Every structure is written in structure tokens, then in C-alpha cells.
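J.: Pasting a structure here, questions to come.
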Amino acid sequence: MTTTGLLDLGAAEVVDRTTGELLGYVFTLASGKGQLQRWLLFRDPRNELEIRPPPASMASFTLADWQAQVPSLWRPNGYYVWAQADVYPHGETWTQIPPASALPEPSFPERPGSNYQLDYTGGKVIDVLQEDWRGSAYVVRGLSQTSSIEYWSLPARYRPAGSTRAVVSVGTEEATSLDAFVRLANTSWGPGCKFVITGCLNHHGTAAPFAP
């Protein structure tokens, strides 16, 4: 199973796609069926974000480096998200994305010290844009909840974001249910595409999480 998904491994910068405001950072490692992403966000991006290469100071970060820096980077009322992204490439699993009732359950990461980053849009599909390629995403619950689930449909020519930029924004297409999103995703599903199911555990508060 390939671990290539939405993000490059290592650190990346997260900014507001319209203003360029720094929103935070994300750190990604290969894990399980895909990736474990750690998002440190200064505020709720409200589904309008761009993923960019990391600053030079973070370019060679290890997990230990990341964890050591989280407390100093934290801002009051920030968000921290542990996100396990399971990757299902076209052909290695399905030639057509199955309906919601037959999709694999998300894998939720074990939140350290206890038992993306995106928000529910009220039925709008989220666009994932890179160069002239377009993917899409659908969210169950959201960043304000203690847990959420994201479904990403990525095109064949999509390159993991980090060293390559990617833009996430609320689109114009409607998907009032996960099944409706699957039907929409299947219209562009083909060789090289990937479907990613991400289980998120979300921390929000005045202090950084105990064990990031």
C-alpha cells in the first residue's frame, strides 16, 4: 500500500489562501495505511487554506523537533489535530468508490495522553486545487468537534502538498450526503487516483496539548 496522500512527509506551512495570513503548520509521517498528520493551527481556517513548503528552519524537522517546538508556537485558542489518513489508490482496492455503507471505517489516531483542519460545509463540496488539477473533499462534523472525518478524492496527477503548493476552498458543487459525494467523486475516478479517509482527533484551548 502506498503512503502517498494529501501531504508530503515532514513539515509544511499553512496560510490563508486569500490573504496569505500564516495559519499554522502541519507535520506528517508515514503511518498505517497512509499518513499520520499533526496540524497546529492558530485559528479555524474555515476551509480556506493553502499548503506551502515549510520555512527553512523547519525543512529538516524530525518528530522530536516538531514536538519540542509546539509549546512555543502555540497561540491561545489554537487548534491541534491528529489526523490518520488511510489511502486507497484506484485499482489497488476498488475500480469504483463504493457507497457510503461499504466504505472502510476511518482509523482514528490514538491521542497521546488520552483514550483537517476542515469544517462541515452544510452540503458544499470542498475543492482541492493544484496547478490545473482539481480534487475534492467532504467532511463529517468539523474542527469544533472532538473528532471529525474527512473524505478526499485526489486526481492522478496530484502531488503531495508541502514541497508543492495546494489550495483548499469551499466549492460550488453540492453534496448533501456522503453517498452524494461518492457519486460525484466516481465521475472522475480512474487510474492513478486516490481516495483518502481521514479520522481526526481535535484539541482546542488556551494551552498546547500535553503530548503533541
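J.: Within the range 91-127, how many residues are modelled with pLDDT under 85, farther than 23 Å from Val26 by Cα and open to solvent by less than 60 Å² (accessible area, probe 1.4 Å)?
T.: Total satisfying the criteria: 3.
J.: Right, next: Just need a number here: residues in the range 5-21 that are under 15 Å from Trp39 (Cβ atoms), of a type outside the set (A, V, I, L, M, F, W, C) and surrounded by fewer than 20 Cβ atoms within 10 Å (Cβ to Cβ). Can you show your working first?
T.: Of the residues in the range 5-21, the ones under 15 Å from Trp39 (Cβ atoms) are 5-16.
Those still in the list that are of a type outside the set (A, V, I, L, M, F, W, C) too: 5, 8, 10, 13, 16.
If we keep only those that are surrounded by fewer than 20 Cβ atoms within 10 Å (Cβ to Cβ) as well, we get 13, 16.
Counting residues in the range 5-21 that are under 15 Å from Trp39 (Cβ atoms), of a type outside the set (A, V, I, L, M, F, W, C) and surrounded by fewer than 20 Cβ atoms within 10 Å (Cβ to Cβ) gives 2.
J.: Could I ask something else about it? Which pairs have Cβ atoms under 8 Å, sit 6 or more apart or on different chains, and link a residue in the range 67-85 that is at positive phi to one that is open to solvent by 30 Å² or more (accessible area, probe 1.4 Å) and in a strand (DSSP E or B)?
T.: Asn77/His204
J.: Which of the residues belonging to the range 155-194 are among the β-branched types (Val, Ile, Thr) and either closer than 19 Å to Pro54 by Cβ or touching a Cys at 6+ places or on another chain (Cβ under 7 Å) (or both)?
T.: Quick first cut of the range 155-194, residues among the β-branched types (Val, Ile, Thr) only: 164, 167-168, 170, 172, 176, 182, 187.
Selection gives Thr164, Val167, Val168.
J.: Here is a list: Ser148, Ser163. Which entry is at pLDDT below 85 and small (Gly, Ala, Ser)?
T.: From the options Ser148, Ser163, the qualifying one is Ser163.
J.: Right, something else. Residue by residue through the range 22-59, note down the ones that are surrounded by fewer than 23 Cβ atoms within 10 Å (Cβ to Cβ), assigned to a loop (DSSP other than H, G, I, E, B) and of a type outside the set (A, V, I, L, M).
T.: Gly32, Lys33, Phe42, Arg43, Asp44, Arg46, Glu48, Pro53, Pro54, Pro55
J.: Within the bounds of the range 5-18, is there any residue that is under 17 Å from Asp86 (Cβ atoms), in contact with a Leu (Cβ under 8 Å, 6 or more places away or on another chain), outside any strand (DSSP E or B) and not aliphatic (A, V, I, L, M)?
T.: Within the range 5-18, the first condition is being under 17 Å from Asp86 (Cβ atoms), and the residues that meet it are 5-7, 9.
Next, only the ones that are in contact with a Leu (Cβ under 8 Å, 6 or more places away or on another chain) stay: 5-6, 9.
Next cut, outside any strand (DSSP E or B) only: 5-6, 9.
Within this subset, residues satisfying the condition of being not aliphatic (A, V, I, L, M) are 5.
Among the residues of the range 5-18, at least one is under 17 Å from Asp86 (Cβ atoms), in contact with a Leu (Cβ under 8 Å, 6 or more places away or on another chain), outside any strand (DSSP E or B) and not aliphatic (A, V, I, L, M), which makes the answer yes.
J.: Note down all Cβ pairs under 7 Å where the first residue falls in the range 48-61 and is among the hydrophobic types (A, V, I, L, M, F, W, C), the second is assigned to a loop (DSSP other than H, G, I, E, B) and open to solvent by less than 40 Å² (accessible area, probe 1.4 Å), and they're at least six residues apart or on different chains.
T.: Ile51/Gly162
J.: Give just the number: which of (1) part of a strand (DSSP E or B); (2) modelled with pLDDT of 85 or more does Gly171 not satisfy?
T.: (2)
J.: Testing Thr62 on (1) surrounded by 13 or more Cβ atoms within 10 Å (Cβ to Cβ); (2) over 18 Å from Ser169 (Cα atoms); (3) β-branched (Val, Ile, Thr), one condition comes back false. Which one is that?
T.: Here Thr62 meets the rest and fails (1).
J.: If a residue must be under 17 Å from Leu103 (Cβ atoms), open to solvent by less than 60 Å² (accessible area, probe 1.4 Å) and more than 19 Å from the chain's Cα centre (by Cα), how many such residues does the range 180-212 contain?
T.: Residues meeting the conditions: 4.
Residue by residue, here is whether (1) in contact with a helix residue (DSSP H, G or I) (Cβ under 7 Å, 6 or more places away or on another chain); (2) at pLDDT below 95 holds:
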position: Gly5; (1), (2): no, yes
position: Ala11; (1), (2): yes, no
position: Thr28; (1), (2): no, no
position: Gly34; (1), (2): no, yes
position: Met58; (1), (2): no, no
position: Ser72; (1), (2): no, no
position: Asn77; (1), (2): no, yes
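The values are calculated or read from the model by the stated rules, or taken from the named source; none is laboratory data. Model, not experiment: these values are computed from the prediction. Every residue, glycine among them, receives a Cβ derived from its backbone with ideal geometry; neighbour counts consider all protein chains shown. For accessibility, only protein heavy atoms count, side chains too; no ligands or nucleic acids. Shrake-Rupley method; radii C 1.70, N 1.55, O 1.52, S 1.80 Å.
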